[in-house]
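Please treat every number below as a calculation from the coordinates, not as lab data. In this text, all values refer to a predicted model and were calculated from it rather than measured experimentally. Here Cβ is always computed from backbone atoms with ideal geometry, including for glycine, and neighbour counts include all displayed protein chains.
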Ligand code: ADP
Ligand code: ZN
C-alpha cells in the first residue's frame with residue numbers, strides 16, 4: 001500500500017516495502033508514517049519480486065525501478081485507487097466497426113500448432129516468419145484462445161506510436177478488450193489502466209516496454225513483437241533493462257507462455273532457439289504466395305565515376321521511379337538520417353560548427369534555418385559564412401530534408417511526404433501521413449527507420465535505400481546485424497497484391513557479403529556467418545557484457561577515475577576487462593564520458609561478477625579524487 005511519509009521537510013508518497021524497528025546505522029532516526037493512503041494493496045507481490053530481480057540484474061537501486069514502473073499519478077497523495085470515485089479518467093472508446101478474425105491459412109495453422117507443441121517443453125518460443133507471412137494473424141488466434149480462457153495477454157511492441165495500423169486491427173477484432181498503454185496517453189488514463197489491471201479481467205494489453213511493469217492477476221501469454229528491436233532496451237535513465245528479458249521473467253511468475261516474433265531474429269534469440277533454450281517455429285512463405293522482393297544493387301562508385309548521378313539519385317534509380325510513378329504505383333525512399341545534412345563546414349578552413357554542450361557537429365535543418373545538436377537539442381541560426389574565417393560554408397552528407405528537395409526537383413509532379421522525427425512531432429502527424437499514403441494521396445514517401453516498421457500499403461512496388469553503407473560503418477559489433485535487420489525490414493514494405501516488389505540499394509560496396517544474404521532473403525546464411533564471427537572474437541552470445549560508463553563535468557577527473565577503476569578491474573577480471581574507451585561522442589550535455597567494458601564467459605557466475613564489479617566501483621567512488629564521478633552500469637548493452 002502507499003503511505004505518506006516525512007522526508008526532510010516534505011511529505012512524500014512511498015510504497016511499504018518492509019518493516020524496521022531499529023535503524024540500520026547509528027545516527028539515523030526512524031520516523032513514523034503520517035498516513036496510509038490505500039485500503040488495499042496497490043502493488044502486487046509479483047511486481048515487487050520483479051523489481052527486485054531488475055534491481056539486482058541491472059545493477060541499480062530498487063527505488064529507480066519503482067519510479068519507472070509506477071505511473072506518475074500514483075505518486076500523488078490525492079490519487080485514490082478506490083473503485084467508487086467520480087472524477088476517474090475515462091479510457092478511450094472505440095468505433096463499433098467490428099471485423100471478424102481471419103481464418104488461418106495452411107502455413108499459419110501449422111505454425112499455430114507448432115507453437116503449442118513447442119510450449120509443451122519450452123516457456124519461450126521464437127516465431128521466425130518472413131515479412132508478410134502473417135505473424136499478426138497467428139498472434140491473434142493465440143490471443144483469442146487466452147481471452148476465451150479468461151486470461152490476460154501482454155502484447156509488447158517496440159514503439160507504440162508507430163503501430164497504429166496494428167492497434168486499429170486489434171481493436172476491430174477484439175473491441176473493448178484491447179487496452180493500449182503508451183507514453184502519449186495522459187497521466188490520468190495511465191493511472192486508470194494501472195488501477196484496472198489490479199482486478200482479474202481478461203484483457204489484451206498492448207504497449208511499449210513499460211507496459212511490462214503493470215500489475216497482472218491472471219496473465220496467460222506474453223507476445224514480444226519485433227523482438228530484435230534495439231528500442232526494447234531502455235538506455236536512459238536506469239534501470240537499463242531489456243523488455244524481452246523482463247517479459248520472460250514476468251511470464252515465469254504466472255507460468256504464462258512467451259512468444260517472440262520477428263522476420264529478422266536477434267542473433268542472441270536465434271542462438272537460444274538453436275541451442276534448445278527456446279522453441280523455434282518458422283514461416284518461410286509470404287501470405288497469399290506473394291513473392292519476397294527482388295533486390296537490385298547499384299554501385300555508387302561507378303555511378304559517380306561516370307557522372308550518372310542526379311544529386312543523391314543514380315540514373316537507374318531515377319528511371320525506375322519514373323516508371324513506377326507512370327504506372328500509378330507508390331515508392332518509399334529510405335535514408336536513416338533526419339535533417340538536411342549532418343554537417344556544415346567551411347570550404348576554406350574546414351571549421352565545422354559543433355554543439356557547445358556535446359562533442360558533435362550540428363545537423364543542418366534547412367526548413368528552420370538552424371543548426372541543431374541531435375544529442376541535446378541545442379541549436380543556433382544557420383551561419384551564412386564561416387564563424388572562423390568568413391569563408392563559404394558547404395553542406396556535407398544528406399538527410400531526409402535534402403532528399404525531399406531533390407525529389408521535388410527530379411519528379412516535380414509527384415506528391416511527396418516526409419516521415420521522420422521532425423515531421424511527426426505534432427500529435428496526429430504520424431497518423432495523418434500514414435492515412436494519406438494509405439489512401440494513395442501521396443506518391444513518394446521519404447523516411448527514416450520510421451518507415452521500416454510493420455507498415456502495409458497495397459500499392460508500394462518500389463523501395464529504395466539511398467545509402468546503405470552508412471548503416472554498417474558504425475563502431476559496434478552489432479552493426480552488421482542491425483544493417484541486415486533494417487534492410488530486410490524496409491524491403492518487406494515492397495510488393496503487395498500479387499506482384500513482386502523491388503528494392504533498389506545504392507552502395508559504394510556492392511560486393512559486401514551482407515548483400516548476397518539479403519538478395520536471397522536468407523537469414524540463416526547471414527546468421528551462420530555472424531555466429532562464427534561472434535564465436536571467433538568472443539562476443540555475445542558467447543560472453544555476457546557489462547559496460548561501465550563514467551561521466552563528469554571535468555575531463556581530468558573522469559580520466560583519473562576511469563584509469564583508476566580500470567586498473568583495479570584488470571586485477572580482478574584480468575583479460576575480461578577492456579582498456580578505458582573514449583567513446584565516439586566523448587562529451588554529451590557537458591559531461592565527459594569514458595567507458596570500460598567487461599566480457600564475462602557465458603557460463604560464469606554473472607551475479608558474482610556483478611558483485612565484484614560493484615565492490616570496485618564503490619571503492620573508487622570513496623576516493624576523494626574520484627568523488628562525484630557518475631558511474632553507471634549498462635548490463636547486456638545493446
Ligand atoms: P507479418 O506480421 O508477418 O509481416 P501480417 O500479419 O501483418 O504479416 O500480414 C500481412 C498481410 O496479409 C496483412 O495485410 C494481413 O491482413 C494479410 N493476411 C495475413 N494472413 C491472413 C489471413 N489468414 N487471412 C487474410 N489476410 C491475411
Ligand atoms: Zn549538444
### Query
For the residue pair residue 186 and residue 28, what label-to-label distance in nm results when each label sits 7 Å from Cα along the Cα-to-beta-carbon direction?
4.0 nm
### Query
When only C-alpha pairs under 8 Å and at least 6 residues apart count, what is the relative contact order of segment 84-189, in percent?
41 percent
### Query
Can you list the equivalent-ellipsoid semi-axes of segment 526-638, largest first and in whole Å, using the square root of 5 times each Cα gyration tensor eigenvalue?
27, 17, 10
## Note on the structure
Within the chain, the percent of DSSP beta bridges that are antiparallel, given to the nearest 5, stands at 45 percent
### Query
Computed from the mean reciprocal separation of all distinct C-alpha pairs, what Kirkwood hydrodynamic radius does segment 277-359 have, in Å?
18.1 Å
### Ranking of 351, 507 by count of other Cβ atoms within 10 Å, fewest first
351, 507
### Query
Taking one equal scatterer on every alpha-carbon of segment 311-431, how large is log10 of I(q)/I(0) by Debye at q = 0.10, 0.18 1/Å?
-0.38, -0.98
### Query
What value, in deg cm²/dmol to 500, does the helix sum -39500 (n - 2.57) over DSSP H runs of n ≥ 4 give at 222 nm once divided by the residues of the chain?
-10000 deg cm²/dmol
### Query
Between residue 384 and residue 409, what is the FRET efficiency for a Förster distance of 25 Å, r being their Cβ-Cβ separation, to the nearest 0.05?
0.65
#### Entry: Extension gain from residue 89 to residue 7, taking 0.36 nm per residue of separation minus the Cα-Cα distance
26.6 nm
### Task
Any chance you could run the full-extension gain for residue 82 through residue 628? It's 0.36 nm times the residue separation minus the Cα-Cα distance, nm to one decimal.
192.2 nm
### Summary
Taking N as the number of residues in segment 229-339, the ratio of its alpha carbon radius of gyration to 2.2 N^0.38 Å works out to 1.64
### Task
Give the Kirkwood hydrodynamic radius (Å, one decimal) of the chain, defined as one over the mean of 1/r across all pairs of different Cα atoms.
27.1 Å
### Task
Note the full-extension length gain between residue 49 and residue 571 as 0.36 nm times their separation in residues minus their Cα-Cα distance, in nm to one decimal.
184.5 nm
### Query
If the viscosity is 1.002 mPa s and the temperature 20 °C, what Stokes-Einstein diffusion coefficient in µm²/s follows for segment 1-53 when Rh is the Kirkwood radius over Cα pairs?
169 µm²/s
### Message
Below 8 Å, C-alpha to C-alpha, sequence gap of six or more: please give me the relative contact order for segment 445-570 in percent.
### Response
23 percent
## Note on the structure
Sorted on mean Cβ neighbours within 10 Å (highest first), peptides 589-597, 14-22 come out as 589-597, 14-22
### Task
Compute the Cα gyration tensor for segment 380-432, then decide on rounded, prolate or oblate, letting a ≥ b ≥ c be the square roots of its eigenvalues: rounded whenever a/c is under 1.5, prolate when a/b is larger than b/c in the other cases, and oblate in all that remain.
oblate
### Summary
So, relative contact order of the chain in percent, Cα under 8 Å, 6 or more apart, is 12 percent
### Task
Tally the DSSP beta bridges in segment 147-287 and give the antiparallel ones as a percent, rounded to 5.
5 percent
### Query
Taking the Cα atoms of segment 25-176, what is the range of coordinates along each of the three principal axes, in descending order and whole Å?
70, 41, 30
### Task
Assuming R0 = 22 Å, can you tell me the calculated FRET efficiency for the pair residue 474 and residue 579, based on Cβ-Cβ distance, to the nearest 0.05?
0.65
### Footprinting exposure proxy for 101, 332 (fewest neighbouring C-beta atoms within 10 Å first)
101, 332
### Geometric extent, Cα atoms of segment 218-266 - Rg, Dmax (angstrom)
11.5, 31
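Treat the count of other C-beta atoms within 10 Å as a stand-in for reagent exposure and order 32, 441 from fewest to most.
Listed from fewest to most nearby Cβ atoms, that is 32, 441.
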